[in-house]
1. Give me the extension gain from C176 to T163: residue separation times 0.36 nm, minus the current Cα-Cα distance, reported in nm with one decimal.
2. With a 1.4 Å probe and all protein chains left in place, how much accessible area per residue does the stretch 185-268 have, in Å²?
3. Counting only protein heavy atoms and a 1.4 Å probe, tell me what percentage of the stretch 81-179's accessible area is made up of carbon and sulfur.
4. Would you rank T163, T90 by solvent-accessible area, highest first, keeping every protein chain in place and using a 1.4 Å probe?
5. Computing the accessible area with a 1.4 Å probe over protein heavy atoms, can you report the carbon and sulfur percentage for the stretch 185-268?
6. Over 31 Å between Cα atoms, which of K230/K259; K82/K242; K189/K239; K82/K192; K189/K242 qualify?
7. What spacing in nm lies between the two simple spin-label points modelled at F74 and F96, each 7 Å away from Cα in the Cβ direction?
8. What ranking, highest mean first, results for peptides 233-241, 187-195 when packing means the other Cβ atoms within 10 Å averaged over each residue?
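The values are calculated or read from the model by the stated rules, or taken from the named source; none is laboratory data. Everything quoted here is computed from the prediction, not taken from an experiment. Methodologically, a virtual Cβ is constructed for each residue, glycine included, from the backbone with ideal geometry; neighbour enumeration extends over all protein chains shown. Remember, those area values only see protein heavy atoms, side chains included, never the ligands or the DNA or RNA. Shrake-Rupley method; radii C 1.70, N 1.55, O 1.52, S 1.80 Å.
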Amino acid sequence: MTSNTSSDNSLDGNGEYESISNISDTNSDDEAESNSEELSDDSWDSDNEEEEDEPKLNNLKWNKWNIEPNLPTFDGQFGLNKNISSATLTSPIDYFRLFLSPSIVTYIVDQSNLYRTQMNLKQEPMTEREFFQLLGFLFYASVVRLSSKSDYWSQLYQQALITTNITRNRISELLCTLHFNDNVLNSSKVNKIQPLIDLFNEGCSYIVEQEKNISLDEQMVGYKGTTAPKSLRQYMPNKPTKRGFKFWVRCGVSAYVYKLVLYCGGAKSVSHPAVLPKAFSSISTRSTTKATTNNNQIKKRCDDTK
């Protein structure tokens, strides 16, 4: 009995016996507490390191009042450029000529005659007077509409304002040679019209002094033809003009346009050929893959027929 009791129990300092199992449980609890303390210390250190990495925002406070932006003072005044005298603007055509300036007219005539020379067309070169006659015919035809261009010279629908100024054949020749840029320099289709847009933007920025409040928005120019590139033709069902060319426009509260940019699709066309890395040369396009698949299918059908 005595030997069994001594093996299962131990005598404490007060002469009382304590179960060895209780002692082992106590030791395991102490070890668990020490391990948890070590883990908590490690996690606390990691939290402190993360807090040290984050910026200190204790000194920042939210402001309930509206913050006034620090913008430069606008000391300009909207109006005609000082170099343009309002006394010379006596008719609507004078204001129109501010935008269709002599430099733009000369540029269009020169580019049209250059195209006539490049194509070796046997017709007289365009003059500035004939350019305005062509422009007047297009304006008149947009108001007085007939089913065909030749109807303006026909006996049934003859328009004296047109027939007394220019012939039908000459209108056709001018429309055939009308150009806005050298075709040799055109690396993309948008370059056919881009120089004219640049000249127009320069004129708009020169004519008036810019006003204080301006905005950027999109604007549609109506077009229902099919000869323009598809990347330039846009369809916007929520606009009053649903089909045509889309421009990004910078304009003022007065509705005056300071600058416009033609939208060329998802990726804007560049005026010079892009140089692609060598990695792109190994990528096959969708059309190439489709053509290869079709060729394989045709070959398989021929083999099956044999």
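1. Length gained, C176 through T163: 2.8 nm.
2. Heavy-atom SASA per residue in the stretch 185-268 reads 63 Å².
3. For the stretch 81-179, the apolar C and S fraction of the accessible surface comes to 56 percent.
4. Sorted descending by solvent-accessible area, the residues read T90, T163.
5. So the carbon and sulfur contribution to the accessible surface is 56 percent.
6. Beyond 31 Å: K82/K242; K82/K192.
7. Between F74 and F96, the simple spin-label model gives 3.2 nm.
8. Taking the mean over residues of other Cβ atoms within 10 Å, the ranking is 187-195, 233-241.
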